[in-house]
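First up is the structure itself, then whatever we jot down about it.
The values are calculated or read from the model by the stated rules, or taken from the named source; none is laboratory data. Since the model is a prediction, treat every value here as computed from it, not as a measurement. Here Cβ is always computed from backbone atoms with ideal geometry, including for glycine, and neighbour counts include all displayed protein chains.
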Amino acid sequence: MNRSFLFLLGSARQGGNTETLARAAAEHLPDGVERRWLDLKRLPLAGYADARHSGEPWPEASGPEAENEALLREATLAATDIVIASPLYWYSVSSWTKAYLDHWSKWLSVPDLDFRARMAGGTLWGVAAMGDREETVAEPLRLMLGNTAAYLRMRDGGLLLGNGSGPGQVLDDARALRRAKTFFAQETSPALSAGR
């Protein structure tokens with residue numbers, strides 16, 4: 001099966017440290033591997049309203065928000081590898097990234113979409129820049145991505161971390177740039193066999 005990487009950029013700043021680190025890692029993917037980049041800030045979604053237990057249909061977005069949701073849903077389902085590229089904001093992902101992941105709950109409930117079954121077997125990766133040099137502060141993000149992968153029976157690709165707050169600072173993090181060279185080549189952790 002040909003691999004297809006979807007990079008979801010969740011930064012408030014275009015060309016920020018997280019995107020720089022993700023692009024550095026993507027440079028080392030084998031030739032012929034499809035790469036698609038989508039900027040979540042430029043694809044705003046309708047506010048998330050949880051309708052799972054209401055007995056009512058999910059509220060439908062309209063206009064550009066509906067188009068953005070359809071684009072993101074189809075791009076997500078078409079990829080074998082999903083890369084969440086979000087700066088570490090309050091020990092987790094940015095608001096744009098969280099809104100995107102919240103919509104996974106909606107997609108799980110869409111009749112005939114088979115979102116969970118279609119996501120199973122893929123790989124979920126994380127890339128994040130952070131202002132702190134102590135990587136333990138990113139543990140909540142690592143756990144969130146790992147648990148998300150397990151819930152959907154995806155492989156957990158791991159989390160590539162880099163240090164950088166000001167523009168371009170991640171390029172001074174030699175350790176992160178070394179890790180980026182082999183990040184997507186590493187063995188991934190299989191999804192947990194037990195479902196929820």
Next on the checklist: Just to verify a result, which residue in region 24-41, among those that are more than 16 Å from Arg178 (Cβ to Cβ), in contact (Cβ under 8 Å) with a residue 24 or more places away in the chain and part of a loop (DSSP other than H, G, I, E, B), is farthest from the chain's Cα centre (by Cα)?
Outcome noted: Gly32
Checklist outcome for this item: Note on Ala150: of the conditions (1) closer than 21 Å to Thr18 by Cα; (2) part of a helix (DSSP H, G or I), unmet is (1)
Item to check | region 67-91 - residue that is of a type in the set (Gly, Ala, Ser) and buried (at least 17 other Cβ atoms within 10 Å of the Cβ) and, of those, nearest to the chain's Cα centre (by Cα) | outcome: Ala85
Checklist entry - Any chance region 127-137 includes a residue that's modelled with pLDDT of 95 or more, out of contact with any helix residue (DSSP H, G or I) (no Cβ under 9 Å at 6 or more places or on another chain) and loosely packed, with under 14 Cβ neighbours inside 10 Å? => result no
Checklist entry - Among Ala99, Ala128, Ala117, which is small (Gly, Ala, Ser), assigned to a helix (DSSP H, G or I) and under 25 Å from Arg13 (Cβ atoms)? => result Ala99
Checklist entry - Restricting region 93-118 to residues that are surrounded by 18 or more Cβ atoms within 10 Å (Cβ to Cβ) and among the polar types (S, T, N, Q), which is farthest from Arg73 (Cα to Cα)? => result Ser94
